[in-house]
1. Just need a number here: residues in region A:118-136 that are crowded, with 21+ Cβ neighbours inside 10 Å, within 11 Å of chain B (Cβ to nearest Cβ) and either out of contact with any strand residue (DSSP E or B) (no Cβ under 9 Å at 6 or more places or on another chain) or farther than 21 Å from B:Pro707 by Cβ (or both).
2. Look through region B:743-775, keep the residues that are in a helix (DSSP H, G or I) and within 14 Å of chain C (Cβ to nearest Cβ), and return whichever of them is surrounded by the most Cβ atoms within 10 Å (Cβ to Cβ).
3. So, A:Gly149, is that one in contact with a Lys or Arg (Cβ under 7 Å, 6 or more places away or on another chain), within 8 Å of another protein chain (Cβ to nearest Cβ) and assigned to a loop (DSSP other than H, G, I, E, B) or not?
4. Scanning region B:211-238 for residues that are hydroxyl-bearing (Ser, Thr, Tyr) and buried (at least 24 other Cβ atoms within 10 Å of the Cβ), which turns out nearest to B:Tyr531 (Cα to Cα)?
5. Kindly indicate the residue of region C:61-100 that is of a type in the set (A, V, I, L, M, F, W, C) and in a helix (DSSP H, G or I) and also farthest from the chain's Cα centre (by Cα) among those meeting that condition.
6. For the structure I just gave you, tell me whether B:Arg291 is in contact with a Phe, Trp or Tyr (Cβ under 9 Å, 6 or more places away or on another chain), touching a residue at least 12 places away in the same chain (Cβ under 8 Å) and closer than 19 Å to B:Ser144 by Cβ.
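The values are calculated or read from the model by the stated rules, or taken from the named source; none is laboratory data. This structure is a prediction, so every number in the text was calculated from the model and none was measured. Neighbour counts run over all protein chains shown; Cβ positions are idealised from the backbone, glycine included.
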Amino acid sequence: MIGSELRLQTVQTAPVSLMVNGQPWSGDVPVEEVLLDLIRSRIGLTGTKRGCESEVCGACEVLVDGAPVSSCNFLAFEANGREHTTIEGVADGDQLHPVQEAFIRNVAAQCGYCTSGQIMSAVALLRENTSPTYEEIAQWMVGNICRCGCYPAIARSIMEAGEELRAKGGANGQG
Amino acid sequence: MARDERRGGSRVEEPELARTERPRVDLRSKVTGQAQYLEDLPEPSNVTYAATIRSPYSHAEIVSIDVSRAMALPGVLGVLTRDQLDEYELNLSPEPWDRHFVCIDRARFDGDLVGMIVAEDLRTARKAAELVDVEYEILPPIFSAAEALAPDAPPIYEEKGDNEAAISHMGWGDVDAGFAEADLVVEGTFTCPSIFHHPIEPCMSVIADWTSDVIELWTPSNNAFDVVDMNAQVFGVQPEQVRVHIPYVGGNFGAKHWTREMLVAVALSSKLGRPVKYVAMEEESFLSTARHAMTYKGKVGLKADGTVVALDVDVDVDTGSRANTTETVNGQATSTARGAYSVPNLRARARSAFTNKVSAAHFRNTGKSQPQFGVEMLMDQAARELGIDPIDFKAKNLQQRGQGLAASGPRNSTGSTSSAALDIDFPTIMKMTVEAIGWDGRASQHPSEESAERFVRGRGLAVSLRRGSANGVASALAVLGRDGEVSISHNAPDVGGGEYTMISVVASRTLGIPQSQIRVGETDTSNQLRYGGTSSQRTTVHMGNAVNDACEHLKTEILRAAARLHGGRSEEWQIDDGVLQRNGTRVTVTDLVRALPESETLRGSGFYEQSGSPQGAGGDNNNYWSPGVAAVEIEIDRQSGDIRVVKYAALADAGTIMHYHSARGQIEGGAILGLGSTLFEEVHYAEGQLLNADPFQYRLPQLGDVPEDFQTIILEAEKGPGPFGAKGIANTSIGCVAPAVGNAIYDAIGVRLTSIPFTPEKILRALGTLPPAEE
Amino acid sequence: MVSPFRVVTPTTVPEAAAEMERLGDAARIYAGGAELLLLMRNGLLEPDYLVNIKQVPSLHGINWDGHVLRVGAAVTHRQLERDPQVHAHAPTLGEAEHHIGNIRVRTQGTLGGNLAFADPHADPGTALLVHDASVTVEGPRGPRQLLLDDFFVSTYETALEPDELLTEVQVPPLPFGWGWAYERIERFYRPTVNAAAAIAANDGRIAEVRLAVGCVGPRALRLRELEEKLQGLNLADAKRVIGESSEYLVEQLEPVGDLLGGADYKIHVTGVLLARAVEQALARTGDRDDRQ
């Protein structure tokens, strides 16, 4: 049993070595820590946001081995040995990803708080399917809530980015 | 607009500006994760963390508070409850019952702030908050304005003696005579429940630092000087001793202002001598503020030809547990009660009541969406009873171009009560909007065989009319740096509407300098540039004009310097694309400024004020008419009651568009926000509790709820008082959604639902598939 | 914030069971964590230990052995949604999996976790019941197999002993020529009402039928009396009988009015979805004469 019933002190840590946006990171992490806090506080990448902390809104979405995950409810020690992509890793240096360029062009972001999650989700979708229909976009993006109501511009952006990726010959170039 | 046969309607074409305008200035940082919000800011090195102690009861006497267990935790630094309040009093209102920033005698809503506790780390602070022992004596809660205003209702504030928070009247003519001459009288009651703004960035976050003689705050708020003034008032310091920084705001919609939590954090910071950081969990975010629930009871008298002769409206407004914005909202309820209609005999009354709910406050299109729902539904109902098509009824009765609205109005209103002549033609803009969804604005004919079909469609039309924005001031400063860049200082927080971009566009156009050479500053009140806040769709007009003014002054200085250094008179010089020109001589602005002595800085100050009585015979200066139209086609599944929006079109008139994609985003975003309350959103109170302050049980609009066929029409028809003829449009689309959909439901199934959200269950009860709901 | 805990990471099922026995009440099984972590973050659950079963190889894998589809408890919804074997042998399950939550919940959440958590507002259980699916649970006393129908007991309650974990789900395919359907509506972010049907048809009439509903009652269940009544009926009669079965549904499901809707609304929609599921399933049968 854990000593203090107050549960204030970490009782176990785990060694974590992972890649984030192509860069290695390692350290010892309390087992109760969530990936969101590891990314934001330990690694210092604050582009991923804390929203509802309930897997509903998508503000905290990152890609773990390419798959979309709610980092708010993903234990950091599980990230050991895996490759992560956050919003900071979507562009290729100064060259923005077609999704990012489309978002800017269409103003698919207003307050911008949900934007990181929207883009991570869009990037993952386009890797699977570069010509999604509106319905397919709606189904995939159901967990990315935008209260500012950028949805029409987001859908447009995803379709345009898909076209651009097809023209470039596939979705696997970036991110 | 071009005809699009495939869609069966017109496709709205984008203006040229859509292709030529520069991207938004904030978006590169937002799409790359660089934009900083409150929780991204580096923390002060000796920061401490706060957690709140909140009442779990909607109404309860606070018998005792014991903090001993909490304070005994290692790492706990301090606590503030009513027992630790010594010299601080909060004069939020003249009324003594609304004074304090933590509960004193009672908790008055589920989540009411009993206190705050601070520790070295967040986990300890939250655990300590759980260890505070509060003894409550539960009292029966009141959850509706009707209940609160009943004659024998126990007062929520005993000192006040009753629960009436505000009352206002508006009217003219003689309604009794009007009804006497009416051929038909139609009555209806339409209700909107409490809803929550739910920005994705939680509310109430703050870093408070009162460890010097300046109170320094970082917080996502839409109004920096509101925060300044409240802190100055509460803590008895000069406004210049309060410095507020506002980073990017992750959604506002009216939810982010000064808060009680902020003030407690400031007080604790002073006591502890260290900065205090408070961030709310998602469930706490729901507790910040809400939108006023309202019940609109209307009675309209008409002639057989459809002319409105009298309107009598009573609105009950639920202001929750505190008197935030109560006078304003109550006033809006009366002034919006008649919508945009020409009503010769009017009596409107609104009463606001305290209830044991989260305090209601500003919510995008404050105080107007709910009465607009009432009047647009009532008038559509009247049209239907007379057998008149919706568009014809509206064309007959809406205020006409060139007419002014009538005389008296309530306090603090920005509603459509001005005598200034209306500059828009509703029949024209309604026709454009309905055509965009392939409709002619007429009632749908449903053959009787259709009633066996699973799906049925209907179409609805609704309009809104705002009188510009609330009064206020705006100030800006434009400074030309030695690198040739112009820095604009201001305090209009960017809450997502493209505020910084508008500033950049206006500065660029005024100066003749490319946007790439304009730097828009962040909100920091130490520059003392007062601004009334990014709200009430005012920023393009107010801050735009202040920036325009500042840049005009700067331009004058630049031209004078050009004349001084390169000859001629300043009037002979022009600036275009960053280059000064006179008679073939060309000098870049950058080269000019580099040739000046180091001690000389070229700058310009700008100011704008909108004041004056928003109602009354004189009208209000510098305000403008801002219309909205919505046309919607919906599909109802008669078996399950599900409703789907199939087509939507929204129209606004921007005067002169500053940034097309931002303007479109405002219209689309407002409509989608409105869709939430129309179909899904409701804050539920029952069994003495707030039941759904959590993300699982509060349904927000998702991408799939928005039809692919969604069009926005943004006109540049009638010029406004903003820069280059601009008007504000941000809040015109939200209030049209609920009545447009409600009218479409009637069009589809011949039954009028009278309360939002329009749920499948309500549809089934309206169809008779299910029995009426139990009361 | 999630309170501190310890994690143990067994690599075999007997090890995991031994840990559960040793640690007792203080431990919880951790698979995807999609449900568990939400409760822990809210402070509703504060286990001292998490028994992380994700490193147990036998709990992964989707395998068709020629007779039955075997799904390891730690298989994610996303894996199930995309697996060709699922689409070939248990498309009802594939359809249900496709609708779960959102793409992130499907990436993190596991079938075993979903079934063991036993939230009635769930997709897979309803679909699996029309397959007469079974589960293997294992504890210190060894493995035992039971029908999913017996595994579900009530809301958040299963037949798992405190020292047992769910290890595998067995999904027999529907017999050849049967049609299937899965229907659901969602008012918030989880299914509000759902229904599944599996039907064999003969000459346009229902020869055999399996019906399951979830969400409304304390657990997903089969509607066996209604199944009997539908035997031999054509689509129109079947719809009529379903439409007349409100009382029966109320008795079976014990609906409660809440924020999702009134009890009568839920029963009504249950009937609507059952009728749609029967129609869809009939249309999918090998027998083509029923298409009107």
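1. Of the residues in that region, 3 qualify.
2. Kept after step one, since they are in a helix (DSSP H, G or I), are these residues of region B:743-775: B:743-749, B:760-767.
Still in the list and also within 14 Å of chain C (Cβ to nearest Cβ): B:760-767.
Numbers: B:Pro760: 22, B:Glu761: 23, B:Lys762: 22, B:Ile763: 23, B:Leu764: 26, B:Arg765: 20, B:Ala766: 21, B:Leu767: 17.
Only one residue fits best here, namely B:Leu764.
3. Values: in contact with a Lys or Arg (Cβ under 7 Å, 6 or more places away or on another chain): no; within 8 Å of another protein chain (Cβ to nearest Cβ): yes; assigned to a loop (DSSP other than H, G, I, E, B): yes.
Considered against the rule, which asks whether it is in contact with a Lys or Arg (Cβ under 7 Å, 6 or more places away or on another chain), within 8 Å of another protein chain (Cβ to nearest Cβ) and assigned to a loop (DSSP other than H, G, I, E, B), A:Gly149 comes out as no.
4. First, pick out the residues of region B:211-238 that are hydroxyl-bearing (Ser, Thr, Tyr): B:211-212, B:219, B:221.
Going one step further and asking which of them are buried (at least 24 other Cβ atoms within 10 Å of the Cβ), we end up with B:219, B:221.
Working: B:Thr219: 16, B:Ser221: 13 Å.
The residue in question is B:Ser221.
5. Applying the first criterion (of a type in the set (A, V, I, L, M, F, W, C)) to region C:61-100 yields C:62, C:64, C:68-69, C:71, C:73-75, C:80, C:86, C:88, C:90, C:93, C:96, C:100.
Now narrow it down to the ones that are in a helix (DSSP H, G or I): C:80, C:86, C:88, C:93, C:96.
Values: C:Leu80: 13, C:Val86: 14, C:Ala88: 18, C:Leu93: 8, C:Ala96: 8 Å.
Per the criteria, the residue is C:Ala88.
6. Yes, satisfied.
Results for (1) within 21 Å of B:Asp121 (Cβ to Cβ); (2) surrounded by 18 or more Cβ atoms within 10 Å (Cβ to Cβ); (3) outside the structural domain of A:Val142 (by TED's automatic domain parsing); (4) not basic (Lys, Arg), shown as yes or no for each residue.
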site	(1), (2), (3), (4)
A:Leu6	yes, no, yes, yes
A:Met19	no, no, yes, yes
A:Ser41	yes, no, yes, yes
A:Ser70	no, yes, yes, yes
A:Phe77	yes, yes, yes, yes
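So that you can scan it fast, the table gives a plain yes or no per residue for (1) of a type in the set (A, V, I, L, M, F, W, C); (2) touching a residue at least 24 places away in the same chain (Cβ under 8 Å); (3) away from chain B (no Cβ under 14 Å):
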{"residue": "C:Phe151", "(1), (2), (3)": "yes, yes, yes"}
{"residue": "C:Tyr156", "(1), (2), (3)": "no, yes, yes"}
{"residue": "C:Pro162", "(1), (2), (3)": "no, yes, yes"}
{"residue": "C:Leu174", "(1), (2), (3)": "yes, yes, yes"}
{"residue": "C:Gly177", "(1), (2), (3)": "no, yes, yes"}
{"residue": "C:Arg184", "(1), (2), (3)": "no, yes, no"}
{"residue": "C:Ala197", "(1), (2), (3)": "yes, yes, yes"}
{"residue": "C:Gly214", "(1), (2), (3)": "no, yes, yes"}
{"residue": "C:Ala220", "(1), (2), (3)": "yes, yes, yes"}
